[in-house]
1. Condition test on Asp43, is it in contact with a Ser or Thr (Cβ under 9 Å, 6 or more places away or on another chain), at pLDDT below 90 and charged (D, E, K, R)?
2. Pick from segment 42-71 the residues that are of a type in the set (A, V, I, L, M) and assigned to a loop (DSSP other than H, G, I, E, B): which of them is surrounded by the fewest Cβ atoms within 10 Å (Cβ to Cβ)?
3. For segment 72-101, name all the residues that are crowded, with 24+ Cβ neighbours inside 10 Å and within 15 Å of Arg124 (Cβ to Cβ).
4. Name the residues in segment 314-348 that are touching a helix residue (DSSP H, G or I) at 6+ places or on another chain (Cβ under 7 Å) and outside any helix (DSSP H, G or I), would you?
5. Would you pick out the residues in segment 25-41 that are outside any helix (DSSP H, G or I), within 49 Å of the chain's Cα centre (by Cα) and surrounded by 12 or more Cβ atoms within 10 Å (Cβ to Cβ)?
6. Is at least one residue of segment 36-51 of a type in the set (Asp, Glu) and over 30 Å from Leu137 (Cα atoms)?
7. Could you check segment 212-283 for helices (runs of 4 or more DSSP H) lying wholly inside it with 3 or more residues that are at pLDDT below 90 and under 28 Å from the mean Cα position of the chain (by Cα)?
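The values are calculated or read from the model by the stated rules, or taken from the named source; none is laboratory data. Just so it is clear, the structure is predicted and the values come from calculations on it, not from any experiment. Every residue, glycine among them, receives a Cβ derived from its backbone with ideal geometry; neighbour counts consider all protein chains shown.
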Amino acid sequence: MPIMDLFRPKWQNSKMEVRMAEIGQISDQDLLEQIIETCRYKDVRLAAVAKLTDQKTLEKIAETSLHEDAQVAAVKRLTDPITIARIAETSDCSDEARMAALRSLSDETALKRVALTQCSIEIRVAAIEKLDDQELLAEIAKDLDQLGWQGDDVSIRVAAIEKLSDQKPLAGIAKDGVCSGVDYLVRKTAIGKLGDCVELHHIAKHDIDGDLRKVAVERTTDQNVLMWVAEKDSLQLVREVAASKLSSSRPDVIAKLQKPMDDLKAEVANANDEKFIAEAAKWLVRIYEYFGKGFSDRQSKEAEIVREIGNRADSIGGKRLMIEIHSSFMAQISGIPGAGRNLELTWDGIGDWRG
């Protein structure tokens, strides 16, 4: 036994089992408060909080203790909803203690006040996640500045959108804004909450951002919209998503989508060497314009025809002819950033070509 254990209270003993046994014997509320504020052992502080029965003392510990663990433990033992709301809204205690109070809070008015306070983002988000007021949620999702908040944080707006069920504000948020940064993420979340409405259909067909069009296509079941997108969207990925949702009921659309590339494959296969040399670059331009972007997987089915052209060029004129075709392709292609580099990578490993 350390000699100092002989001169201090048992709740300060060096052995945990001695400390805990002593706390179990103490019922004096003032002494328990003193132990909470002065003891350096966390297990003792928490055990002392668990022994407190006086709500005023628990309130005091929750709001003024120098130990965050004691604050949180005290908040969890509070029973008065007004006190809990006050701690969540305005107290100067730690964010962890405020969060503990917030978890116990169910009063909508108090939750609104917490959501609109200039506190940490985590606490605002937690309050928003418990809100049901659709009007307030819509205001938060649309414009934080109007609510007197300085700056913007996407997690706050996204949290509000996730709680929104009112389709009118969701539609407004989904179709508004510029497709970049915070607005893009907010819009994407709103689109993901939309029902099969006119606004969703418009986004699926006409939004300038391909990823947002894809999200909208994934949400809709409207066969006319899906057929339009499957036939006309500029990005192959979006067309494929739309087509996959039509495949069970509209096999004619799938066949129609495949026909341009099937026809081109036949044209390449049947071309003599002279025609191949003259047309290869034009064929590649047609392929890239059809798919709307390059191919991340050079062995994919979509990239098959591009590699077929590369193999044919290599067999006719080797790397020299492949370079000529690539140069001609670059002179003709436009509107697809990175297409030239993607072609280089897709041809990688054909003959002497190295992407």
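1. So Asp43 does not fit the description; no.
2. Leu66
3. Ala88, Arg98, Ala101
4. Ile333, Ile336, Trp347, listed by residue number.
5. Listed by number, the residues that qualify are Cys39, Tyr41.
6. Yes; the residues of segment 36-51 include at least one that is of a type in the set (Asp, Glu) and over 30 Å from Leu137 (Cα atoms).
7. Output list reads 236-246.
Here's the yes/no breakdown for (1) touching a Gly at 6+ places or on another chain (Cβ under 7 Å); (2) surrounded by 14 or more Cβ atoms within 10 Å (Cβ to Cβ); (3) among the charged types (D, E, K, R); (4) closer than 21 Å to Ala278 by Cα:
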{"site": "Glu302", "(1), (2), (3), (4)": "no, yes, yes, no"}
{"site": "Asp314", "(1), (2), (3), (4)": "yes, yes, yes, yes"}
{"site": "Lys319", "(1), (2), (3), (4)": "yes, yes, yes, yes"}
{"site": "Ala331", "(1), (2), (3), (4)": "no, no, no, yes"}
{"site": "Asn342", "(1), (2), (3), (4)": "yes, yes, no, no"}
{"site": "Trp347", "(1), (2), (3), (4)": "yes, yes, no, yes"}
{"site": "Arg354", "(1), (2), (3), (4)": "no, no, yes, no"}
